[in-house]
1. Check VAL16 against each of (1) open to solvent by 90 Å² or more (accessible area, probe 1.4 Å); (2) under 11 Å from the mean Cα position of the chain (by Cα) and name the one condition it does not meet.
2. Taking the range 1-13 on its own, how many of its residues are part of a loop (DSSP other than H, G, I, E, B) and open to solvent by 10 Å² or more (accessible area, probe 1.4 Å)?
3. Among the residues of the range 28-42, is there at least one that is assigned to a helix (DSSP H, G or I), open to solvent by less than 90 Å² (accessible area, probe 1.4 Å) and over 16 Å from SER13 (Cα atoms)?
4. Residue under question is ALA25, and the condition is that it be among the hydrophobic types (A, V, I, L, M, F, W, C), modelled with pLDDT of 90 or more and within 12 Å of the chain's Cα centre (by Cα); does it hold?
5. Can you report the number of residues in the range 43-81 which are open to solvent by 90 Å² or more (accessible area, probe 1.4 Å) and closer than 14 Å to THR14 by Cβ?
6. In this structure, is GLN92 surrounded by fewer than 16 Cβ atoms within 10 Å (Cβ to Cβ) and part of a helix (DSSP H, G or I)?
7. What pairs come up if the first residue lies in the range 50-64 and is in contact (Cβ under 8 Å) with a residue 12 or more places away in the chain, the second is of a type in the set (Phe, Trp, Tyr) and open to solvent by 30 Å² or more (accessible area, probe 1.4 Å), and their beta carbons are under 9 Å apart, counting only those six or more places apart or on different chains?
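The values are calculated or read from the model by the stated rules, or taken from the named source; none is laboratory data. In this text the structure is predicted, and so the values were computed from the model without any measurement. Cβ coordinates were reconstructed from backbone atoms using ideal geometry, including for glycine residues, and neighbour counts include every protein chain displayed. To get the accessible areas, we keep the full protein, side chains included, count just its heavy atoms, and leave off ligands, DNA and RNA. Shrake-Rupley method; radii C 1.70, N 1.55, O 1.52, S 1.80 Å.
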Amino acid sequence: MKDVKLLCAAGTSTQVLAKKVQETADNLGLEMHVTAGPVTGDDEVATADLLLLTPQVEFKLDLVKVTYPEKKIAVIDPEAFASANAQAIIAQINKELGA
């Protein structure tokens, strides 16, 4: 099971995107758990295999890398994010996690 956390400024608006990515992953039969939260972190960040920052908080990438040095961290492709393209985001998740 891949555990992925989408990180944005407050974690609320990205909840909709996380739900869409989760539903798409479920429909494709993928073992993936996708949630959203604030870039400032929460308890679920510790268990995530991959942290994906939204383009709006890309400026915090270095801070997140220092805070979670053991985690795989990337920024969601801006086009995929803007269009809420769940399949493109799943493809990015698979690429980042080497699947």
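1. For VAL16, the exception is condition (2).
2. Of the residues in the range 1-13, the ones part of a loop (DSSP other than H, G, I, E, B) are 1, 9-13.
Imposing the further condition that a residue be open to solvent by 10 Å² or more (accessible area, probe 1.4 Å) reduces the set to 1, 9-10, 12-13.
Result for the range 1-13: 5.
3. Step one: filter the range 28-42 for residues assigned to a helix (DSSP H, G or I), giving none.
Looking through the range 28-42, none of the residues is assigned to a helix (DSSP H, G or I), open to solvent by less than 90 Å² (accessible area, probe 1.4 Å) and over 16 Å from SER13 (Cα atoms).
4. Working: among the hydrophobic types (A, V, I, L, M, F, W, C): yes; modelled with pLDDT of 90 or more: yes; within 12 Å of the chain's Cα centre (by Cα): no.
No, not satisfied.
5. Total satisfying the criteria: 2.
6. On the way: surrounded by fewer than 16 Cβ atoms within 10 Å (Cβ to Cβ): no; part of a helix (DSSP H, G or I): yes.
Answer is no for this residue.
7. Here the result reads LEU51/TYR68; THR54/PHE81; PRO55/PHE81; GLN56/PHE81, each pair linking the range 50-64 to a residue that is of a type in the set (Phe, Trp, Tyr) and open to solvent by 30 Å² or more (accessible area, probe 1.4 Å).
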